[in-house]
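> Okay, here's the structure, questions in a sec.
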Amino acid sequence: MQKKVSAGIVQYNGKILIAQRIHGKSLAYKWEFPGGKIEAGETLEDCLKRELQEELHLSVKVGKLFMETSYDYGDFSISLNTFWAESETDKIDYMDSHEQVKWVLPQDLKKYDFAPADKEIIAKLEEYFKCA
(Lines give C-alpha, C1' and ligand atoms only; values in the text may rest on other atoms or scores of the structure.)
Protein backbone atom coordinates (compact mmCIF):
# COMPACT_ATOMS: atom_id res chain seq x y z
CA MET A 1 0.00 0.00 0.00
CA GLN A 2 1.42 3.35 -1.03
CA LYS A 3 1.02 6.29 1.35
CA LYS A 4 0.25 9.65 -0.25
CA VAL A 5 2.32 12.38 1.39
CA SER A 6 2.65 16.17 1.02
CA ALA A 7 5.87 17.93 1.94
CA GLY A 8 6.94 21.55 1.82
CA ILE A 9 9.98 23.38 0.61
CA VAL A 10 9.17 26.05 3.15
CA GLN A 11 11.13 29.23 2.56
CA TYR A 12 11.81 32.27 4.68
CA ASN A 13 14.41 34.96 4.00
CA GLY A 14 16.35 32.81 1.52
CA LYS A 15 16.48 29.73 3.74
CA ILE A 16 14.62 26.40 3.62
CA LEU A 17 13.08 24.63 6.59
CA ILE A 18 14.22 21.07 7.28
CA ALA A 19 13.14 18.79 10.10
CA GLN A 20 14.81 15.84 11.81
CA ARG A 21 12.60 12.78 12.34
CA ILE A 22 11.90 11.88 15.94
CA HIS A 23 13.43 8.89 17.75
CA GLY A 24 11.27 5.79 18.05
CA LYS A 25 9.70 6.21 14.59
CA SER A 26 10.77 4.89 11.21
CA LEU A 27 13.81 6.67 9.77
CA ALA A 28 14.62 8.17 13.17
CA TYR A 29 17.08 11.08 13.09
CA LYS A 30 16.97 11.38 9.28
CA TRP A 31 16.25 14.85 7.94
CA GLU A 32 13.23 15.59 5.76
CA PHE A 33 11.13 18.33 4.28
CA PRO A 34 8.25 18.71 6.76
CA GLY A 35 4.76 17.49 5.90
CA GLY A 36 2.72 14.34 6.31
CA LYS A 37 0.11 11.88 5.13
CA ILE A 38 -3.02 13.04 3.36
CA GLU A 39 -6.36 12.45 5.07
CA ALA A 40 -9.62 11.46 3.38
CA GLY A 41 -11.23 14.34 1.46
CA GLU A 42 -8.17 16.55 1.75
CA THR A 43 -6.22 18.16 -1.08
CA LEU A 44 -2.45 17.82 -1.15
CA GLU A 45 -2.12 21.55 -0.43
CA ASP A 46 -4.56 21.41 2.49
CA CYS A 47 -2.67 18.41 3.87
CA LEU A 48 0.59 20.37 3.88
CA LYS A 49 -1.00 23.37 5.62
CA ARG A 50 -2.62 21.13 8.25
CA GLU A 51 0.51 19.08 8.94
CA LEU A 52 2.72 22.16 9.37
CA GLN A 53 0.16 23.75 11.67
CA GLU A 54 -0.27 20.57 13.77
CA GLU A 55 3.39 19.56 13.99
CA LEU A 56 5.13 22.97 14.16
CA HIS A 57 2.39 25.55 14.74
CA LEU A 58 3.60 27.12 11.49
CA SER A 59 1.27 28.84 9.03
CA VAL A 60 2.37 28.86 5.41
CA LYS A 61 1.19 29.96 2.01
CA VAL A 62 1.40 26.91 -0.25
CA GLY A 63 2.53 27.55 -3.81
CA LYS A 64 3.04 25.40 -6.88
CA LEU A 65 3.96 21.73 -6.94
CA PHE A 66 7.75 21.41 -7.16
CA MET A 67 7.87 17.70 -7.92
CA GLU A 68 6.23 14.35 -7.34
CA THR A 69 8.28 11.26 -6.65
CA SER A 70 7.79 7.79 -5.24
CA TYR A 71 10.01 5.74 -2.98
CA ASP A 72 9.76 2.12 -1.83
CA TYR A 73 11.19 1.53 1.64
CA GLY A 74 10.51 -2.22 1.47
CA ASP A 75 7.89 -2.46 4.21
CA PHE A 76 6.00 0.59 2.86
CA SER A 77 6.14 3.00 -0.05
CA ILE A 78 5.24 6.64 -0.43
CA SER A 79 4.08 8.97 -3.16
CA LEU A 80 5.76 12.23 -2.17
CA ASN A 81 4.29 15.49 -3.48
CA THR A 82 6.55 18.42 -2.69
CA PHE A 83 5.27 22.00 -2.86
CA TRP A 84 6.87 25.41 -2.62
CA ALA A 85 5.66 27.19 0.50
CA GLU A 86 6.33 30.55 2.14
CA SER A 87 6.42 31.25 5.85
CA GLU A 88 5.94 34.68 7.40
CA THR A 89 8.35 33.85 10.22
CA ASP A 90 11.37 31.72 11.03
CA LYS A 91 10.29 31.32 14.66
CA ILE A 92 9.33 27.77 15.59
CA ASP A 93 8.72 27.21 19.27
CA TYR A 94 6.67 24.01 19.07
CA MET A 95 7.51 20.53 17.76
CA ASP A 96 5.61 17.32 18.40
CA SER A 97 6.94 15.07 15.63
CA HIS A 98 10.58 16.11 15.19
CA GLU A 99 13.81 16.14 17.17
CA GLN A 100 14.77 19.53 15.76
CA VAL A 101 14.21 21.88 12.86
CA LYS A 102 16.64 24.16 11.06
CA TRP A 103 16.50 26.92 8.49
CA VAL A 104 19.33 26.25 6.02
CA LEU A 105 20.65 27.80 2.84
CA PRO A 106 19.81 25.76 -0.29
CA GLN A 107 23.49 25.00 -0.93
CA ASP A 108 23.80 23.48 2.56
CA LEU A 109 21.04 20.85 2.15
CA LYS A 110 23.54 18.21 1.03
CA LYS A 111 25.32 18.46 4.41
CA TYR A 112 22.41 16.71 6.15
CA ASP A 113 21.53 13.01 6.28
CA PHE A 114 18.12 13.05 4.57
CA ALA A 115 15.59 10.24 4.32
CA PRO A 116 16.02 8.39 1.01
CA ALA A 117 12.73 9.70 -0.44
CA ASP A 118 13.96 13.29 -0.05
CA LYS A 119 17.31 12.83 -1.81
CA GLU A 120 15.81 13.17 -5.31
CA ILE A 121 14.20 16.43 -4.22
CA ILE A 122 17.55 17.76 -2.98
CA ALA A 123 19.19 16.91 -6.32
CA LYS A 124 16.48 18.82 -8.19
CA LEU A 125 16.71 21.76 -5.78
CA GLU A 126 20.46 21.97 -6.35
CA GLU A 127 19.82 22.22 -10.11
CA TYR A 128 17.07 24.79 -9.57
CA PHE A 129 19.13 27.10 -7.37
CA LYS A 130 22.16 26.93 -9.69
CA CYS A 131 19.96 28.18 -12.52
CA ALA A 132 17.90 30.69 -10.54
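The values are calculated or read from the model by the stated rules, or taken from the named source; none is laboratory data. Bear in mind the structure is a predicted one, so any value in this text is a computation, not a measurement. All Cβ positions, glycine included, derive from the backbone under ideal geometry; neighbour counts span all protein chains shown. Accessible surface areas use protein heavy atoms only, side chains included; no ligands, DNA or RNA. Shrake-Rupley method; radii C 1.70, N 1.55, O 1.52, S 1.80 Å.
> Give me the accessible area per residue for region 35-132, probe 1.4 Å, as a whole number in Å².
Working: 5770 Å² over 98 residues.
Per-residue accessible area for region 35-132 comes out at 59 Å².
> Here is a follow-up. With no solvent and one equal point scatterer per Cα, compute the Debye intensity ratio I(q)/I(0) for the chain at 0.10, 0.13, 0.22 Å⁻¹ and report its log10, rounded to two decimals.
Calculated log10 I(q)/I(0) at the listed q: -0.28, -0.48, -1.59.
> Going through region 42-132, which trypsin sites (Lys or Arg not before Pro) have at most 12 other Cβ atoms within 10 Å and a DSSP loop state? Write out the running numbers ahead of the final one.
Details: sites: Lys49, Arg50, Lys61, Lys64, Lys91, Lys102, Lys110, Lys111, Lys119, Lys124, Lys130; in loops: Lys91.
Sparse-neighbourhood loop trypsin sites (Lys or Arg not before Pro): Lys91.
> If you take every DSSP beta bridge whose two residues both sit in region 1-117, what share of them, in percent to the nearest 5, is antiparallel? Spell out each step's value before the answer.
Values: 23 of 34 bridges.
Percent antiparallel among DSSP bridges in region 1-117 is about 70.
> What is the gain in length, in nm to one decimal, between Lys130 and Asp46 on full extension, counting 0.36 nm per residue of separation less the C-alpha to C-alpha distance?
Details: separation 84, 0.36 × 84 = 30.24 nm, distance 2.99 nm.
Extending this stretch completely gives an extra 27.3 nm.
> Right, here's the next one. Given the protein chains as shown and a 1.4 Å probe, how many square angstrom of Asp90 are accessible, to the nearest 10?
Counting only protein heavy atoms, Asp90 exposes about 80 Å² to solvent.
> What does the charge count around Lys64 come to, taking other residues whose C-beta lies under 13 Å from its C-beta (Lys +1, Arg +1, Asp -1, Glu -1)? List each step's numbers first, then the result.
Details: positive: Lys61; negative: Glu45, Glu68, Glu86.
So the surrounding residues net to -2.
> Let me have the 222 nm mean residue ellipticity of the chain computed from DSSP H runs of 4+ only, each contributing -39500 (n - 2.57), with the sum over all residues rounded to the nearest 500. Intermediate values should be presented prior to the final figure.
Working: 2 runs with 29 residues, N = 132.
It comes out at -7000 deg cm²/dmol, rounded to the nearest 500.
> Would you mind telling me the share, in percent, of accessible area of the chain contributed by carbon and sulfur at probe 1.4 angstrom? Spell out each step's value before the answer.
Details: 3500 of 7450 Å².
Here it works out to 47 percent.
> Relative contact order for the chain: what is it in percent, counting Cα pairs under 8 Å that are at least 6 residues apart?
Working: 251 pairs, mean separation 43.1, N = 132.
The normalised contact order for the chain reaches 33 percent.
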